[in-house]
Amino acid sequence: MSYSSSAVVGVTALVRSALCFAAFAICCPHGILAGELMAGAAKVDITDRTAGPVNDPLYVKAIVLKSNATTAVLVSVDAVAIGEIGRISNDYLPDVRSRLEKELGIPPSNVVVSASHCHGVICADVAERTFRAVKQARQNLVPVTVGVGTAKDDRVMENRRLKLKNGVTVDVRHAYSLPPDDDVAQVGPVDPEIGILRLDRENGQTLAVVYNFACHPIQGVPGGANTADITGFASQVIEDNLSNGAIALFLQGCCGDINPAYYKDVDHPRSAEPLGNMLGLSTLRGVRDISCREDNRLAVLNETLTLPRGDKSQRIVEMESEQDRLLQSLQGTSLNLKSFIPLVVKYNLSNEFPSYYSYRYLQGDALGQEELRQLDTENRRNIQAYIQNIYIMEQLTRVKTNLALLRKHQAEFEASTTKTIDVEIVALRIGDFILLTFPGELTVPIGFDLKRRAPCQPTFVAGYTNGYIYYCPTAEQMRNAGHAQEDSDCLLAPQWQDQFMKKALEMLNRL
């Protein structure tokens, strides 16, 4: 029996098609057509329940996306950082990526892992649970439509940088006191934008929401129990009000200089829940304004940028000199805390007649007796000297705290042989959703600049991603080093900003 060559070719083509379809069916058990965007989401509890009281759970959340031959993974961890500080070791990211590549065939460069930057306590086996979340998300792949939008909330945060009338900028921290109100000239900006990605199933139910916002989630809860803080509460509000099983995945923005609102309040218990509820509801309003559509665009660019380490030696000398100047400016006074407090109360209760009732002052004036008036002059002088000493000690506390950070990073600089540091930058596109990631604590001005100059609008920025390299302030902010944490707790030289911006915009233009 003989066959024509064309028949053989036809049969061969049919066989190949059948084999390809079979292979595709194995990879895509839901029978999804090639070219569709697929997504799956999952979350796993990572709370360390042995570390003390727990107010609310901490999670690792994962979204796996697939379009044609490209698979991308987006992970958010309720932790302070991806390595370097906190409970996540520097081995965590390479270990998770290696296992995902070995067992699930996902390229390490396509795995994006971000920390919410909450200061909750996570379990020791967070790497295992991260893998489990990604694996579950991959098993849950379904066709999705995509929508992108924004919302706003300017109630939950405040810029923690205070520019003083003397030109110095200090920051609002619990590690030291605020400056006197009369010394404060202005505050820095906040970024109220909430960037939102919405992924819907084919039936219109929401599979997952990714939201990006800039605020340190460090408010805490009454009693100080373990918590995912503001963003944990916000995510719970979003999930509770969407389709059953929907996941809200938070990506921290450029919050290096952003605190929760009323961070130094001493009249109410510290509670992240009201702030988180507000953020969650604002995000929900944005989610409901988004229309999803079919869009299979999925692209991941992952590059390493070599940035210069900063030499802090001269700044350390200057701050040591400032520390000595402040110390020498302390002046003697006969008062101590026990005598100072009642005197301050008396002299504020009755400024004209603080030491006794008014009739004794009037009688003394009539008789030419000045004892009470002289006593008041001496007491006021001592009160002002004591208050001035307090202000100087507060400044010394700020200088001491930030000088320790400068010395820490200078020691690392001197121990380093390369004087540079490699950082991983990712540019990610999911439909019209565009994200640029960086491992450091970027400040709001950098986020504003990148968003403004990005080739596509809107573009969102996530810090604390794929590693951790401490604070990354602007070159201008770095000139203030020693007075604020974000300027002092920094590895980099001022030139880093231009180099980062150039690389970020180049990558965004290639998406």
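The values are calculated or read from the model by the stated rules, or taken from the named source; none is laboratory data. As the structure is a prediction and not an experimental result, all values here were calculated from the model. Glycine gets a Cβ as well: all are built from the backbone with ideal geometry, and neighbour counts include every protein chain shown. The area values use the complete protein model at the heavy-atom level, side chains included, leaving out ligands, DNA and RNA. Shrake-Rupley method; radii C 1.70, N 1.55, O 1.52, S 1.80 Å.
For segment 153-177, give me the residue count where each residue is outside any strand (DSSP E or B), under 26 Å from Asp489 (Cα atoms), under 21 Å from the mean Cα position of the chain (by Cα) and of a type in the set (Lys, Arg).
Going through segment 153-177 one residue at a time, the tally reaches 2.
Just give me the residues in segment 102-117 being charged (D, E, K, R) and at positive phi, in sequence order.
Listed by number, the list is empty, since nothing qualifies.
For segment 453-503, how many residues meet the condition of being modelled with pLDDT of 95 or more and either of a type in the set (Ser, Thr, Tyr) or at positive phi (or both)?
10
Only one of (1) over 13 Å from Gln236 (Cβ atoms); (2) surrounded by fewer than 22 Cβ atoms within 10 Å (Cβ to Cβ) fails for Leu281. Which number is that?
(1)
So, Leu511, is that one buried (at least 21 other Cβ atoms within 10 Å of the Cβ) and either out of contact with any His (no Cβ under 9 Å at 6 or more places or on another chain) or of a type outside the set (Ser, Thr, Tyr) (or both) or not?
no
Name the one entry in Lys61, Lys102 that is modelled with pLDDT of 95 or more, closer than 30 Å to Ala272 by Cα, charged (D, E, K, R) and not in a loop (DSSP other than H, G, I, E, B).
Lys61 is the lone residue from the list that is modelled with pLDDT of 95 or more, closer than 30 Å to Ala272 by Cα, charged (D, E, K, R) and not in a loop (DSSP other than H, G, I, E, B).
The conditions are (1) under 18 Å from Leu435 (Cβ atoms); (2) open to solvent by 20 Å² or more (accessible area, probe 1.4 Å); (3) assigned to a helix (DSSP H, G or I), and Gln314 fails exactly one of them. Which is it?
(1)
Return the residues of segment 178-200 that are outside any loop (DSSP other than H, G, I, E, B) and surrounded by fewer than 18 Cβ atoms within 10 Å (Cβ to Cβ); say none if nothing qualifies.
Asp181, Asp182, Asp183, Val184, Ala185, Gln186, Val187
For segment 247-285, name all the residues that are touching a residue at least 12 places away in the same chain (Cβ under 8 Å), under 21 Å from the mean Cα position of the chain (by Cα) and part of a helix (DSSP H, G or I).
Glu273, Leu275, Gly276, Asn277, Met278, Leu279, Gly280, Leu281, Ser282, Thr283, Leu284
Name the residues in segment 390-400 that are open to solvent by less than 60 Å² (accessible area, probe 1.4 Å), closer than 11 Å to Met319 by Cβ and not hydrophobic (A, V, I, L, M, F, W, C), would you?
Arg398
Run down Gly440, Gly482 and say which single residue is farther than 24 Å from Arg198 by Cα, of a type in the set (Gly, Ala, Ser) and within 14 Å of the chain's Cα centre (by Cα).
Testing whether each residue is farther than 24 Å from Arg198 by Cα, of a type in the set (Gly, Ala, Ser) and within 14 Å of the chain's Cα centre (by Cα) leaves just Gly440.
Can we say Ser76 is small (Gly, Ala, Ser) and in contact with a Pro (Cβ under 8 Å, 6 or more places away or on another chain)?
no
Which pairs do you get when a residue that is basic (Lys, Arg), found in segment 386-399, comes within reach of a residue that is open to solvent by 40 Å² or more (accessible area, probe 1.4 Å) and outside any helix (DSSP H, G or I), reach meaning Cβ atoms under 8 angstrom, with the pair 6+ apart or on two chains?
Arg398/Ser177
Return only the number of the condition from (1) within 28 Å of Tyr391 (Cβ to Cβ); (2) charged (D, E, K, R); (3) more than 22 Å from the chain's Cα centre (by Cα) that Arg201 does not satisfy.
So Arg201 meets the others, but not (1).
For segment 95-142, which positions are within 22 Å of Ile430 (Cα to Cα), out of contact with any helix residue (DSSP H, G or I) (no Cβ under 7 Å at 6 or more places or on another chain) and surrounded by 16 or more Cβ atoms within 10 Å (Cβ to Cβ)?
Result: Ser109, Asn110, Val112, Ser114, Ala115, Ala133, Gln136, Ala137, Asn140, Leu141, Val142.
Tally the residues that are exposed (fewer than 15 other Cβ atoms within 10 Å of the Cβ), assigned to a loop (DSSP other than H, G, I, E, B) and small (Gly, Ala, Ser), restricting the search to segment 331-361.
Of the residues in that region, 3 qualify.
Considering each of Arg479, Arg429, Arg453 in turn, give the residue that is open to solvent by 10 Å² or more (accessible area, probe 1.4 Å) and either touching a Phe, Trp or Tyr at 6+ places or on another chain (Cβ under 8 Å) or under 23 Å from Val146 (Cα atoms) (or both).
Answer to the check: Arg429.
Say we look at segment 201-227 and pick out the residues that are small (Gly, Ala, Ser) and out of contact with any Leu (no Cβ under 7 Å at 6 or more places or on another chain); which of these is surrounded by the fewest Cβ atoms within 10 Å (Cβ to Cβ)?
Only one residue fits best here, namely Gly204.
Which numbered condition trips up Met38, out of (1) open to solvent by less than 20 Å² (accessible area, probe 1.4 Å); (2) in a loop (DSSP other than H, G, I, E, B); (3) modelled with pLDDT of 95 or more?
(2)
Is at least one residue of segment 457-476 touching a Phe, Trp or Tyr at 6+ places or on another chain (Cβ under 8 Å), of a type in the set (S, T, N, Q) and part of a helix (DSSP H, G or I)?
Checked against the condition, which is being touching a Phe, Trp or Tyr at 6+ places or on another chain (Cβ under 8 Å), of a type in the set (S, T, N, Q) and part of a helix (DSSP H, G or I), segment 457-476 yields no hits at all.
Every residue in segment 295-311 that is more than 23 Å from Pro473 (Cα to Cα) and open to solvent by 50 Å² or more (accessible area, probe 1.4 Å), please.
Asn296, Arg297, listed by residue number.
Being under 20 Å from Lys163 (Cα atoms) and part of a loop (DSSP other than H, G, I, E, B) is the filter here, so list the residues in segment 431-456 that pass it.
Correct list: Thr443 only.
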